[in-house]
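Report on the following structure.
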């Protein structure tokens, strides 16, 4: 078990005793007394209330949105029994976890699809602590769009104490005024930056007010679980520090000015709340050059006793690549937005994006495309990521954590990530040790880009 029941209750209590938070995701899924599962997690159709005018026919994990926040402990096994109660097949991918290939949740490439009514046991030991998330990798535009997204927190092997640990799932919803779904994708938008939703939410609420303990040390875990949107986060008129990026602690916390998060990316921010109850901190989201209030944090209760300082999180055990002997590989992300191919029946088949002039079409049990590259197990590699499209792409590789080395457009202090935001006409250099065998998906996390060509996989053997 990754957490004994006593340990789990302790983690839950530590997160909740300092304050009662409106709209906080549940910190548990269905428990399973008498078994050795940590969680039983069900995906099923679930009407939810996003807007007052009507219900939204969502698909949810655990019977609600936000989905249950799953918690594990670094270096301890996690066992999640997943049950599919949807009308179509699905899987779960554990985004950012350096995982065994059999547990990665990519249909046909790593496992058969989980059919309606079936179940699958996901079992893995997370080597890294941090903020991660989970989602399907089938019919992704619709399944993620309908709400099948959730946060996975891996606590440090030796817990780092906060007065409040607050996960925040950022998602726009494609809904009409009555709560019904609007189209998740339009080809015109898929060939550009994707189709954003119309209703912006944090933990399922538009511009929520969340309570934090007066004088407390607060950890904000932002997770961009959106299909498309890039968030640009800032904290107005109050000091805050970046302590982790995309599930990986930074060597030294640094002040948050603003931070861009593409789809799939995460950001951990620490702050010390004002001592007086009733004080307000505004978290903002930048759109263009302007910033708008996004989440309101309101202090409550008697001031927390004792001095509070911003902690330095223990670094994750990411293998250090040997740059001197590393093999360099080039990956060029290109745009074919003016081309609309047709299939054998003359029907339009959108294919707007390519990696090294190859667009991902589809895969099946009988047909898996060739990999974009074949890597030697144990060897160090440098990937040169070159974006020659007119749009920004959050590039993600399963099963690995990269070390970001340099950029052609901005100064980089090397850091670790599983998803790197590559801007238009930018070149980014990342490095890693190919120590995890398997066929690993490699794609843009704008879901419409992924589904219209900007995806492939890397083979490591």
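Is segment 166-174 home to any residue that is surrounded by fewer than 17 Cβ atoms within 10 Å (Cβ to Cβ) and either modelled with pLDDT under 95 or over 18 Å from the mean Cα position of the chain (by Cα) (or both)? Scanning segment 166-174, I find no residue that is surrounded by fewer than 17 Cβ atoms within 10 Å (Cβ to Cβ) and either modelled with pLDDT under 95 or over 18 Å from the mean Cα position of the chain (by Cα) (or both), so the answer is no. Selection of segment 384-408 for residues being over 18 Å from residue 128 (Cα atoms) and either assigned by TED's automatic domain parsing to the domain that holds residue 129 or in a loop (DSSP other than H, G, I, E, B) (or both) yields 388, 389, 390, 391, 392, 408.
Quick check on my filter: what residues within segment 376-390 are over 18 Å from residue 461 (Cβ atoms) and crowded, with 20+ Cβ neighbours inside 10 Å?
385, 387, 389 - these are the residues of segment 376-390 that are over 18 Å from residue 461 (Cβ atoms) and crowded, with 20+ Cβ neighbours inside 10 Å.
Could you tell me whether any residue of segment 179-190 is over 21 Å from residue 62 (Cβ atoms), assigned to a loop (DSSP other than H, G, I, E, B), out of contact with any helix residue (DSSP H, G or I) (no Cβ under 9 Å at 6 or more places or on another chain) and in contact (Cβ under 8 Å) with a residue 40 or more places away in the chain? Yes: segment 179-190 contains one or more residues that are over 21 Å from residue 62 (Cβ atoms), assigned to a loop (DSSP other than H, G, I, E, B), out of contact with any helix residue (DSSP H, G or I) (no Cβ under 9 Å at 6 or more places or on another chain) and in contact (Cβ under 8 Å) with a residue 40 or more places away in the chain. Residue 411 meets the conditions (1) buried (at least 20 other Cβ atoms within 10 Å of the Cβ); (2) part of a loop (DSSP other than H, G, I, E, B) in every case but one. The failed one is (1).
The values are calculated or read from the model by the stated rules, or taken from the named source; none is laboratory data. As the structure is a computational prediction, the values presented were derived from the model and not from experiment. Ideal geometry is used to build each Cβ from the backbone, glycine not excepted, and the neighbour counts take in all protein chains shown.
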